[in-house]
Amino acid sequence: DFVALLMGNYLLGGHSDSRLTRRIRHKEGLSYSVGSSFSAGSQDARADFGLFAIYAPQNRNKVDAAMREEVQRLLSEPVPTEEFDTARKALLLARQVARNQDSGIASRLNGYLSIDRTMAWDAALEQQIAALTPQQVQAALQRHLRLAQLSIVTAGDFRDKGNSSAAR
């Protein structure tokens with residue numbers, strides 16, 4: 001499910017025109033920055049998924065609710081074909097652009113040495129991304145992502161005027 005989860009993250013918050021960015025930053029104006037992240041170990045069966053936002057303290061509850069709604073929407077509603085195709089093309093282009101930068105390609109090749117991987121792995125990954133369907137992505141997300149199991153961590157000064165309660 002790695003490739004489908006990679007694409008699901010990209011749709012949700014992995015780029016500047018993702019669902020989280022469009023809603024929370026552009027439409028509702030609640031955050032300065034918002035997104036999601038996904039990483040999976042190359043040598044062990046381990047993966048991490050996360051959401052993040054930078055926002056004014058008074059927007060905390062609205063940002064939290066909007067993030068939860070967007071995750072739930074991605075898990076329960078079909079992804080429109082046009083949105084999916086646009087995001088898939090953008091992800092493939094971003095990977096291509098990353099290969100055009102000497103420092104990025106050098107770092108990738110260096111990392112690949114320790115895990116016995118070649119650029120053929122990248123080519124195969126991109127072929128798999130190109131072949132994905134919205135249904136495959138949603139099914140993988142449904143298998144692995146549990147909204148109720150997400151840990152919420154906030155940091156900052158969330159005190160109300162005269163209230164010395166700390167952030168949760």
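The values are calculated or read from the model by the stated rules, or taken from the named source; none is laboratory data. The structure presented is a predicted model; accordingly, all values stated were derived computationally and were not measured. Quick reminder, even Gly has a Cβ in these numbers, built from the backbone with ideal geometry, and neighbours come from all protein chains shown. The accessibility values were calculated without ligands, DNA or RNA, using every heavy atom of the protein model including side chains. Shrake-Rupley method; radii C 1.70, N 1.55, O 1.52, S 1.80 Å.
Per-structure values
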{"quantity": "Pair list, Cβ under 7 Å, 6 or more apart: the stretch 27-50 residue without any contact (Cβ under 8 Å) to a residue 60 or more places away in the chain and under 17 Å from residue 16 (Cβ atoms), other residue among the hydroxyl-bearing types (Ser, Thr, Tyr) and open to solvent by 40 Å² or more (accessible area, probe 1.4 Å)", "calculated": "30/55; 31/55; 32/55"}
{"quantity": "Residues located in the stretch 111-168, provided they are modelled with pLDDT of 95 or more, among the polar types (S, T, N, Q) and closer than 24 Å to residue 66 by Cβ", "calculated": "138, 142"}
{"quantity": "Residue that is nearest to residue 11 (Cα to Cα) [pool: residues in the stretch 130-147 that are open to solvent by 100 Å² or more (accessible area, probe 1.4 Å) and assigned to a helix (DSSP H, G or I)]", "calculated": "135"}
{"quantity": "Residue in the stretch 90-98 that is at pLDDT below 95, closer than 20 Å to residue 4 by Cα and open to solvent by 60 Å² or more (accessible area, probe 1.4 Å) present", "calculated": "yes"}
{"quantity": "Of all residues in the stretch 40-80 being open to solvent by less than 90 Å² (accessible area, probe 1.4 Å) and among the polar types (S, T, N, Q), the one that is farthest from residue 134 (Cα to Cα)", "calculated": "59"}
{"quantity": "Residue in the stretch 52-72 that is closer than 24 Å to residue 126 by Cβ, in contact with a helix residue (DSSP H, G or I) (Cβ under 9 Å, 6 or more places away or on another chain) and in contact (Cβ under 8 Å) with a residue 12 or more places away in the chain present", "calculated": "no"}
{"quantity": "Meets criteria (open to solvent by 50 Å² or more (accessible area, probe 1.4 Å) and modelled with pLDDT of 95 or more) for residue 101", "calculated": "no"}
{"quantity": "Every residue from the stretch 108-129 that is loosely packed, with under 12 Cβ neighbours inside 10 Å and touching a residue at least 40 places away in the same chain (Cβ under 8 Å)", "calculated": "115"}
{"quantity": "All positions within the stretch 9-29 that are under 16 Å from residue 69 (Cβ atoms) and open to solvent by less than 20 Å² (accessible area, probe 1.4 Å)", "calculated": "11, 12, 13, 18, 19, 20, 21, 24"}
{"quantity": "Conditions (1) open to solvent by less than 90 Å² (accessible area, probe 1.4 Å); (2) under 30 Å from residue 58 (Cβ atoms); (3) without any contact (Cβ under 8 Å) to a residue 60 or more places away in the chain; (4) of a type in the set (A, V, I, L, M, F, W, C); number of the one not met by residue 153", "calculated": "(1)"}
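Residue by residue, here is whether (1) aliphatic (A, V, I, L, M); (2) within 18 Å of residue 145 (Cβ to Cβ); (3) assigned to a strand (DSSP E or B) holds:
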position: 9; (1), (2), (3): no, yes, no
position: 21; (1), (2), (3): no, no, no
position: 29; (1), (2), (3): no, no, no
position: 38; (1), (2), (3): no, yes, yes
position: 62; (1), (2), (3): no, no, no
position: 71; (1), (2), (3): yes, yes, no
position: 78; (1), (2), (3): no, yes, no
position: 85; (1), (2), (3): no, no, no
position: 94; (1), (2), (3): yes, no, no
